[in-house]
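Asks: Before I ask anything, let me first share the structure, which is written out below as structure tokens.
The values are calculated or read from the model by the stated rules, or taken from the named source; none is laboratory data. Just so you know, these numbers come straight off a predicted model, no measurement behind them. Cβ coordinates were reconstructed from backbone atoms using ideal geometry, including for glycine residues, and neighbour counts include every protein chain displayed. Just the protein is used for accessible areas: all its heavy atoms, side chains included, with ligands, DNA and RNA removed. Shrake-Rupley method; radii C 1.70, N 1.55, O 1.52, S 1.80 Å.
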Amino acid sequence: MGWVIRKREHGNIVFIDLRTVKEPWNPLQIVIKKEKIREETWRNLKKITRESSLLVEGELVENPRAPRGIELYARNIDITHIAETPYPLGKKSHPPEVLMQWRHLAIRSNRYTKIWVIRDHLLRLAREYFMVNNWYEVSPPIIVSTAVEGGATLFEIKYFDNSKAYLSQSAQLYLEVMVFSLGKVWSLTPSFRAEKSRTRRHLAEYWHLEAEAAWYRFKDNLRVQEELISYIIQGLLKNPVTRHIIEEFRGNIEHLEEIKPPFKRISYDEAIDILQQHNVDIRWGDDIGADEEKVLSEEIGQPFFLTHFPSHLKPFYVKLDPKGPETCLAADLLAPEGYGEIIGGSEREDNIDILVDRIRKEGFDPEAYSWYLDLRRYGSVPHSGFGLGVERLIWWILKLDHIRDTIPFPRLARVKKFI
Ligand code: NSS
């Protein structure tokens with residue numbers, strides 16, 4: 001069962017490359033010999049266009065030169081549908097705008113199909129990691145009442161009788177609630193950010209893999225992250241299918257093969273030193289943005305944690321460093337090769353007075369967070385967690401140019417039309 005990618009006619013023999021339901025990333029070559037099929041079927045072959053759908057019956061024969069190492073010698077071909085011509089994406093390559101305009105057709109190309117296969121396997125491995133380590137998967141809401149990651153990127157929606165609600169930026173606060181029931185929890189949900197800037201690494205809707213655990217301190221949290229990332233990457237390299245796809249996209253996989261815990265830890269202070277040595281104009285207290293991350297990520301050459309940011313750079317929920325409140329117990333995980341941040345995480349503030357103060361400083365009303373503050377009133381525990389941007393991870397593993405190619409239906413700032 002499959003769709004026609006290409007048809008080549010050579011007299012009494014016709015070859016069709018088929019994108020099959022089984023192993024769709026790997027075209028199957030169909031060999032049709034005139035003398036082997038009914039006359040009517042042979043005549044109908046003429047009508048078969050690109051993207052027509054077929055049911056083919058025949059014999060599988062080994063051929064080391066065929067893409068799959070086997071090819072199918074057809075005995076019978078049942079045409080399910082003859083695709084209209086011309087196929088809008090008929091040519092070999094197209095600029096990104098065209099691929100976005102025809103997204104609903106572009107997603108079936110061989111390149112995209114391979115990306116979706118990686119995406120699927122990556123998510124399976126992430127779920128497997130949490131399962132084997134006894135974390136509980138939970139289902140937080142998407143329509144929420146409070147901001148987590150600052151007001152600037154909030155998507156506001158109208159919720160029934162004009163009361164205000166938002167699309168979730170992160171499930172974190174809800175995972176913090178669930179920790180009191182299940183101890184170690186994780187979730188995979190869409191997160192929404194009204195990022196106004198157009199960059200190669202920001203989506204307005206992305207898939208967020210988040211985890212939170214009671215009695216986990218700052219260091220425990222980093223350990224989970226480096227284990228998870230290594231588990232996913234090693235798993236993708238162990239499977240011959242995903243290994244082959246990654247090799248094809250990146251050229252070589254040696255770099256990924258070396259990734260195992262522990263990852264390097266670099267403090268914000270050290271990062272500022274490194275950046276200044278590279279003549280970056282930056283001072284203590286300044287944010288480390290995409291450009292600075294790129295310098296660090298290229299310099300260090302392996303995934304690393306950037307730790308102990310100045311407190312004012314991180315949201316209200318991050319625990320202030322007991323060694324001095326000017327820094328906080330937050331860490332970002334940065335991918336190498338210039339890719340930068342793929343995870344943001346921290347130990348959470350458990351002092352209710354500090355929390356209220358910091359919520360106010362971000363311009364929010366502590367009253368709206370009364371439910372969150374209750375967690376510090378009833379059975380408060382030290383706890384930590386993190387959020388991984390699924391698309392960021394795929395973007396880096398496949399060394400893609402733009403994050404929009406990691407997700408079938410990207411939501412980007414300032415697109416005129418989408419499906
Ligand atoms: O804003 S984060 O850094 N952190 C949080 O949301 C925490 N509340 C997560 C937690 O501790 N449970 O976002 C986390 C990650 C970040 O490192 C990126 O990998 C990804 O989410 N992220 C994005 N990916 C794609 N597009 C956009 N706009 C985006 N924003 C964050």
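Asks: With label points built 7 Å along Cα→Cβ from the Cα atoms of Asp161 and Arg360, find their separation and express it in nm.
Replies: Roughly 3.1 nm, to one decimal.
Asks: With the contact rule set at Cα under 8 Å and sequence spacing of 6 or more, what percent relative contact order holds for the stretch 7-141?
Replies: 19
Asks: Can you pull the one-decimal nm distance between simple spin-label points at Arg127 and Glu40, each 7 Å off the Cα toward Cβ?
Replies: Once both label points are built, they end up 4.4 nm from each other.
Asks: How large is the convex hull of the Cα atoms of the stretch 1-153 per residue, expressed in Å³ as a whole number?
Replies: Hull volume normalised by residue count: 198 Å³.
Asks: Further, regarding this structure: Greater than 32 Å separation of Cα atoms is the criterion. Which listed pairs, Lys319/Lys399; Lys164/Lys196; Lys323/Lys361; Lys22/Lys158, meet it?
Replies: Lys319/Lys399; Lys22/Lys158
Asks: Roughly speaking, what is the stretch gain from Ser380 to Ser197, that is 0.36 nm per residue apart minus the C-alpha to C-alpha distance, in nm to one decimal?
Replies: Extending this stretch completely gives an extra 62.1 nm.
Asks: For Lys260, give me every one of the aspartates and glutamates with a C-alpha distance below 14 angstrom, ignoring sequence neighbours fewer than eight places off in its own chain.
Replies: Glu226, Glu227
Asks: With every protein chain kept in place and ligands, DNA and RNA left out, what is the accessible area per residue of the chain? Probe 1.4 Å, answer in Å².
Replies: Per-residue accessible area for the chain comes out at 50 Å².
Asks: I've got another one for you. So between Ile107 and Lys260, what do we pick up on full extension, going 0.36 nm a residue minus the alpha carbon distance?
Replies: Result: 51.8 nm gained on full extension.
Asks: Right, here's the next one. Relative contact order for the stretch 1-76: what percent, with Cα pairs under 8 Å and sequence separation of 6 or more?
Replies: Worked out over the stretch 1-76, it gives 33 percent.
Asks: Could you list the trypsin sites (Lys or Arg not before Pro) in the stretch 345-419 that lie in coil according to DSSP, counting only those with at most 16 other Cβ atoms within 10 Å of their Cβ?
Replies: Within the stretch 345-419, the qualifying trypsin sites (Lys or Arg not before Pro) (loop, at most 16 other Cβ atoms within 10 Å) are Arg377, Lys399, Arg411, Arg414, Lys416, Lys417.
Asks: Multiply the residue separation of Asn63 and Leu182 by 0.36 nm, subtract the distance between their alpha-carbon atoms, and state the gained length in nm to one decimal.
Replies: In short, 37.5 nm is gained.
Asks: Using helices alone, what [θ] at 222 nm do you get for the chain, with -39,500 (n - 2.57) per DSSP H run of 4 or more residues, divided over all residues and rounded to the nearest 500?
Replies: Using -39500 (n - 2.57) per qualifying helix, the result is -9000 deg cm²/dmol.
Asks: Dividing the alpha-carbon Rg of the chain by 2.2 N^0.38 Å yields what?
Replies: 1.18
Asks: Mind running the shape call on the stretch 304-419? Use the C-alpha gyration tensor, a ≥ b ≥ c as the square roots of the eigenvalues: rounded below 1.5 for a/c, prolate if a/b tops b/c, oblate otherwise.
Replies: Cα axes put the stretch 304-419 in the prolate bin.
Asks: I would also like to ask the following. Would you list, by chain and number, the aspartates and glutamates whose Cα falls below 14 Å from the Cα of Lys114, excluding same-chain residues fewer than 8 positions away?
Replies: Glu23, Glu247, Glu248, Asp405
Asks: Please report, as a whole percent, how much of the solvent-accessible surface of the chain comes from carbon and sulfur atoms (probe radius 1.4 Å).
Replies: That fraction is 51 percent.
Asks: So, one more: Pop the C-beta distance of Tyr87 and Ile352 into the FRET formula with R0 = 45 Å and round what comes out to the nearest 0.05.
Replies: About 0.15, to the nearest 0.05.
Asks: Compute the FRET efficiency between His312 and Glu247 as 1/(1 + (r/R0)^6), taking r as their Cβ-Cβ distance and R0 = 60 Å, and round to the nearest 0.05.
Replies: Calculated transfer efficiency: 0.85.
Asks: So which trypsin sites (Lys or Arg not before Pro) in the stretch 66-156 pass both tests, a DSSP loop state and at most 13 other Cβ atoms within 10 Å of the Cβ?
Replies: Lys91, Lys92
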